[in-house]
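Notes follow the structure.
No value in this document is a laboratory result; all are computed from the given coordinates. Bear in mind the structure is a predicted one, so any value in this text is a computation, not a measurement. Methodologically, a virtual Cβ is constructed for each residue, glycine included, from the backbone with ideal geometry; neighbour enumeration extends over all protein chains shown.
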Amino acid sequence: DAFIISANSLDINAVYDKVTQDETVHLQVDKIPLDFFGTDTLTRQLKFEEAPFQFAIAIQWDRKTTAASWAVQLDFVTTSPVAEVTTTSAAIPTRSSASTTPKIEITTTSSGFSLP
């Protein structure tokens, strides 16, 4: 799989167990190979100081054994201003709903979403 993340920094954390050399997990970030196999952990931090603030990420694995397992976590931060978007929606009425319909408000920001 391959995708692009727009961010100023990218933290990569991987944990893997019993991944044989012939089933190496191929992880590539901006043409930097971060392949791994065996039993261990991998931690990397990558940063951009100027535009384009994009990380091209590709990951590929051909499983050969049933004992192998791994997980990769990508944490990214952007310092670019992102417009705050607020959406208000009426709750879905049910047969037991009161006569007043409550509202749900969700605010999205660059770091996710929040409920008031």
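Applying 1/(1 + (r/R0)^6) with r as the Cβ-Cβ distance of Thr20 and Phe76 and R0 = 25 angstrom yields a FRET efficiency of 0.25.
Shape class of region 2-77 from the Cα gyration tensor (axes a ≥ b ≥ c, square roots of the eigenvalues): prolate, since a/c reaches 1.5 or more and a/b is larger than b/c. Label-to-label distance, Asn13 versus Ile32, with points set 7 angstrom from Cα along the beta-carbon direction: 1.8 nm. By the rule of a C-alpha distance below 20 Å, with chain neighbours fewer than 8 residues away ignored, the aspartates and glutamates paired with Lys47 are Asp11, Asp30, Asp35, Asp75. Summing +1 for each Lys or Arg and -1 for each Asp or Glu among the other residues whose beta-carbon sits under 12 angstrom from that of Asp22 gives 0. Taking 0.36 nm per residue of separation and subtracting the Cα-Cα distance, full extension of the segment from Thr66 to Gln45 would add 4.5 nm.
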